[in-house]
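A short reminder: the numbers here are calculations on the coordinates, not readings from a lab. Source: prediction; values computed, not measured. Positions of Cβ are backbone-derived with ideal geometry, glycine not excepted, and every protein chain shown enters the neighbour counts.
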Amino acid sequence: MKVVVTGATGRTGGEVAREVAERDHDLVPVSREPAGTVAGADLQPPEDLPALLDGADALVDFTVPVASGEYVAEAADAGVPAVVGTTGFDDEGLATLHEAAESAPVLKASNFARGVHALLSVVREAATALPGYDVELTETHHNGKRDAPSGTANTLLDELDDARGEALDRTYGREGEDPREPGQVGVHVRRAGNVRGEHEVMFADNDEVLSLTHRAESRGVFAAGAVDAAEWLPGHEAGWYEFGDVIGDGGD
């Protein structure tokens, strides 16, 4: 299959490009970098994307929200399924992706690690089983990550809201005199070094503490999941999909 990878010189985009090549797919790496190669394939400029999408089976995007919206819209115009790993979208950016999903399949995920989706399930169960327990969320990423909190952290927070049946008051860090109030969830963001990604959700009350943690040891885990999604998505009807659909359908 032919896979177009936008953001192919980025931290995760480069891993995706290499994973595509290792699976013997036809890789088309796209980047704003002026020249060079990724996984043995010549970089292509974003301006040529409409032509590059001709005959493509999937687009995989790990860029920034503004560029991602443009790339996914172009893919939808060409009828090419799009897998989106970019995070940090505002409401308008998400609306652009949903509009594209009316014309072609669009799969959006904040995280393509299978362990994270197991964590989401367990967090949902814990939040339901431990009503009234205090909840704190801490996430750590490399020093170059732009959005804070991470997309995965926001997804975890949404799961907590759904499980509790209410929108928890998201308190981002604490300073000075700031006692905890009922219905709060503390959110703490760390950016340092080359940390691939770590998320911890802590429940505490009744003289006990439950900590649930996922740590990615390599960006390859995200790349593998994204390419799994790119292999799964072609052939599906236009619409909005999530990585859980890939796992639930038995994707390898």
Length-normalised contact order of the chain, Cα under 8 Å, at least 6 apart, in percent, tallies to 21
Expressed as a percent, the portion of alpha-carbon pairs in the range 191-252 spaced more than 16 Å apart is 63
Within the chain, the percent of DSSP beta bridges that are antiparallel, given to the nearest 5, stands at 35
Magnitude of the Cβ-charge dipole (Lys and Arg +1, Asp and Glu -1) of the range 3-104 about the Cα centre, nearest 20 debye, reported as 360
The farthest towards the positive end of the charge dipole of the chain, of the residues Gly115, His188, Gly40, given +1 on Cβ of Lys and Arg and -1 on Cβ of Asp and Glu, is Gly40
With Cα coordinates, the longest principal axis of the chain makes an angle with the long axis of helix 114-129, in degrees rounded to 10, of 30
Protection proxy (average C-beta count within 10 Å per residue), highest first, orders 71-81, 206-216, 127-137 as 71-81, 127-137, 206-216
Once the dipole of the chain is set up from charges on Cβ (+1 Lys and Arg, -1 Asp and Glu), the residue from the list Leu157, Ala204, Asn143 lying farthest towards its positive end is Asn143
Surrounding charge for Arg124, neighbours by C-beta under 11 angstrom, Lys/Arg +1, Asp/Glu -1, total -4
Residues whose modelled amide H sits under 5 Å from the amide H of Leu43, counting only those 5 or more places away in sequence or on another chain, are Gly36, Thr37, Val38
Protection proxy (average C-beta count within 10 Å per residue), highest first, orders 94-102, 15-23 as 15-23, 94-102
Rounded to the nearest 10 degrees, the helix 220-232 long axis (Cα) sits at an angle to the longest Cα principal axis of the chain of 60
Asp134 and Thr9 label points (each 7 Å along its Cα→Cβ direction) are spaced in nm at 4.8
Relative contact order of the range 159-229 (C-alpha contacts under 8 Å, at least 6 apart) in percent is 20
Taking the convex hull of the alpha-carbon atoms of the range 114-215 and averaging its shadow over every direction gives an area in square nanometres of 6.8
Counting only DSSP beta bridges with both partners in the range 114-215, the antiparallel fraction in percent, to the nearest 5, comes to 60
Contact order relative to length for the range 114-215, counting C-alpha pairs under 8 Å separated by 6 or more residues, stands in percent at 40
The Cα extents of the range 34-161 along the principal axes, largest first and rounded to whole Å, are 55, 34, 25
Taking max minus min of the Cα coordinates of the range 13-79 on each principal axis, largest first, gives extents in Å of 28, 24, 19
With Cα coordinates, the longest principal axis of the chain makes an angle with the long axis of helix 151-164, in degrees rounded to 10, of 50
Out of Gly69, Gly165, Gly176, a Gaussian network model of the chain with alpha-carbon springs under 10 Å gives the largest mean-square fluctuation to Gly176
Packing-ranked peptide list from 33-39, 197-203, highest mean Cβ count within 10 angstrom first, is 197-203, 33-39
So, with points 7 Å from each Cα along the Cβ direction, the Glu99-Met202 label distance in nm works out to 4.3
